[in-house]
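Take a look at the structure set out below.
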Amino acid sequence: MEMLGDPFVSLEEPELSYRWRFVGTHLRAIDPPGFAPTGQRVEIEGVSVLRFRDQLVVEVRLFFDATDAARQLLAAPPVGSPIERVVVLAQRTRARSSRRSQERPR
């Protein structure tokens, strides 16, 4: 993992954040959820926020585009593909059904 630029140290909170880039090859299973290795090259950029207490890291938050990462790992369909359209249609159908069930009087 490569840090991009200088870290940002908060003046108000015991926090430090930094941008990063991860580049690698997916050679081993990701378990959970059980994704098989693809041999695909993966490049992800994100931000990490570290919170400190008593000079120890007590919390780490990572922010990155999980959908892009899933596509690179072949765990999500390519943008605009027929499979993506089917997945979107299925999600919309489930969302509509969920809204309807919440609207029914009890």
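The values are calculated or read from the model by the stated rules, or taken from the named source; none is laboratory data. All values derive from a computational prediction rather than experimental measurement. Neighbour counts are summed over all protein chains in view; Cβ atoms, including those assigned to glycine, are modelled from backbone coordinates with ideal geometry.
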Point to revise | Lone qualifier among 27, 50, 74, 62 - being over 18 Å from the mean Cα position of the chain (by Cα) and of a type in the set (A, V, I, L, M, F, W, C) | key: 27
Practice item. Grab the strands (runs of 3 or more DSSP E) fully contained in the stretch 1-73, keeping just those with 2 or more residues being of a type in the set (Phe, Trp, Tyr) and under 26 Å from residue 87 (Cβ atoms). Key: 56-64
Review point. Which of the residues that make up the stretch 48-62 are among the aliphatic types (A, V, I, L, M) and under 13 Å from residue 10 (Cβ atoms)?
Key: 49, 50
Point to revise | Index of the failed condition, residue 32 passing every other in (1) in contact with a Phe, Trp or Tyr (Cβ under 9 Å, 6 or more places away or on another chain); (2) at pLDDT below 95 | key: (1)
Point to revise | Matching residues in the stretch 1-49 - criterion: being under 15 Å from residue 71 (Cα atoms) and surrounded by 14 or more Cβ atoms within 10 Å (Cβ to Cβ) | key: 26, 35, 38, 42, 44, 45
Review point. Within the stretch 74-89, is there a residue that is in a helix (DSSP H, G or I), exposed (fewer than 14 other Cβ atoms within 10 Å of the Cβ) and of a type in the set (Gly, Ala, Ser)?
Key: no
